[in-house]
Amino acid sequence: MNRIIFLFTLFLSIGSLASLQLQHNSKPVKPQVRLLKIKRGQTVYSLLKAHRFSQKQIQQILAHYPLPPSYTLSPNDLYLVQKTASLYEILFFDKHKNWVYVFWKKGRQSAGTDIRKIPLETRVIQASGFIKGSLITSIQKKIPNQQVAYRFLDAYLYIPNLSKKLKKGAFFSLEVEKKYFKGHFIRYGEVLNTALEINGKIEKRTFIPFPKGGAFVNTESTDWLYERPLYSPVSYIRISSPFEYHRFHPIKHIRKAHLGVDFELPKGAKIFAPLKGKVLRTGRTRGAGRFVVIQHPNGLQSFFNHMSYIAKHIKKGYFVKTGELIGLVGCTGYCTKPHLHFAVKKNGRFVNPVKYIKPYPFQKRQWVLDALARTASDLPKSVHR
Ligand SMILES: [Zn+2]
């Protein structure tokens with residue numbers, strides 16, 4: 001079963017490309033547009049050379065390099081070439097947001113860079129199937145993209161020992177956004193509604209977007225709203241490394257327990273107190289980087305590592321309120337990419353934090369409650385095979 005349903009089409013007309021040409025030309029000229037594929041082994045430098053940017057122009061561009069450090073050119077990714085008589089532009093699509101990174105040249109002398117919003121069209125497709133092998137590979141047989149498969153898994157990470165509860169032939173379904181530019185598929189977007197058969201029972205998770213974030217919530221059972229003692233310390237849950245007693249350390253290359261969970265977030269994302277409590281320690285170490293430890297009245301302790309910034313008033317002995325801003329995500333200490341290492345201690349032992357948190361921060365609880373009220377009426381009651 002590989003049904004593809006185009007549910008809705010959404011045009012985000014933020015600024016037309018033609019009008020943006022005014023930035024460089026006095027008279028708007030309809031540009032010639034081509035979509036090209038990145039070749040294997042191609043770098044920004046070799047790509048600019050292939051498009052006959054001069055050495056001087058490449059130097060001007062590298063001085064104002066617009067691509068984020070984490071941006072990689074992957075083979076077969078699409079990029080755009082636009083040209084008029086006087087202006088030649090190469091546009092790379094951001095991998096998450098509706099904007100492009102522009103490398104432009106005029107003649108043989110001037111060149112520069114720019115970041116612009118771009119109107120991408122969003123279509124939503126639905127796919128469903130039955131588990132054969134692992135859940136990840138089963139999803140990828142329907143939607144050939146690893147990020148989408150792992151994103152689906154993020155929706156169910158709050159269920160302990162999930163892999164043991166997935167039987168062969170269990171049902172799954174998902175809706176995922178596809179982003180298009182002028183009819184050409186550019187990339188996948190967010191995973192939206194999901195369903196998964198766990199121990200013979202269909203569970204559903206719906207993505208609720210927040211400003212600068214979002215969370216997967218179970219819109220059918222509200223028990224978890226009350227059972228979990230902590231709120232998520234961040235507004236967007238993307239787990240890059242789960243809680244494990246044994247794992248291969250990416251920097252030290254030794255097997256070592258990972259006694260917390262890593263939430264992948266951009267540097268500067270806000271970190272909130274998951275519950276009220278007293279600040280036990282703050283400081284900076286070689287491994288943890290900038291860190292905060294909070295003692296909560298229910299006996300739990302929460303740990304926040306690799307922070308770029310700790311709020312000024314967050315000092316030992318200070319009483320934080322639930323949802324109070326404690327600092328920002330960073331990459332201090334042993335760290336390869338900005339993330340929050342979040343850990344929870346119960347009775348002196350580290351426990352899996354995802355079993356203790358509601359998947360949204362305290363500040364966003366109203367979004368969740370509103371979404372529950374909204375979806376309760378129009379969600380289908382069962383998934384038909
Ligand atoms: Zn970690």
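Every number in this text was worked out from the coordinates using simple rules, so none of it is lab data. These figures come from a predicted structure and were not determined experimentally. No Cβ is skipped: glycine too gets one built from the backbone with ideal geometry, and neighbour counts run over all protein chains shown.
Dipole size in debye (nearest 20) for the chain around its Cα centre, Lys and Arg Cβ +1, Asp and Glu Cβ -1?
Dipole of the chain, to the nearest 20 debye: 960 debye.
Counting only chymotrypsin sites (Phe, Trp or Tyr not before Pro) that sit in a DSSP loop (anything but H, G, I, E, B) with at most 10 other Cβ atoms within 10 Å, what is the longest stretch of the chain containing none of them?
9-385
Given charges of +1 on the Cβ of Lys and Arg and -1 on the Cβ of Asp and Glu, with all other atoms neutral, how large is the dipole of the range 49-184 about its Cα centre, in debye to the nearest 20?
Dipole of the range 49-184, to the nearest 20 debye: 280 debye.
Once every DSSP H run of n ≥ 4 in the chain is given -39500 (n - 2.57) and the sum is divided by its residues, what mean residue ellipticity at 222 nm do you get, rounded to the nearest 500 deg cm²/dmol?
Helix-only estimate at 222 nm: -4000 deg cm²/dmol.
On a straight-distance basis, which aspartates and glutamates could pair with LYS95 in a cross-link, Cα separation under 12 angstrom, same-chain partners fewer than 8 positions away excluded?
By straight Cα distance, LYS95 reaches ASP77, GLU190.
Looking only at Cα atoms, what is the convex hull volume of the chain per residue, in Å³?
Cα convex hull per residue, to the nearest whole number: 176 Å³.
If we count other beta carbons within 10 Å of each Cβ, what is the order of HIS51, HIS341, fewest first?
HIS51, HIS341
Given Cβ point charges of +1 (Lys, Arg) and -1 (Asp, Glu) and nothing else, what value in debye, to the nearest 20, does the dipole of the range 17-117 about its Cα centre take?
Computed charge dipole of the range 17-117: roughly 300 debye.
Which net charge results when you count Lys and Arg as +1 and Asp and Glu as -1 among the other residues whose beta-carbon is under 10 Å from that of HIS339?
+1
Picking from PHE152, ILE118, GLY268, whose Cα lies most toward the positive end of the charge dipole for the chain (charges on Cβ: Lys, Arg +1; Asp, Glu -1)?
Going by the charge dipole, the pick is GLY268.
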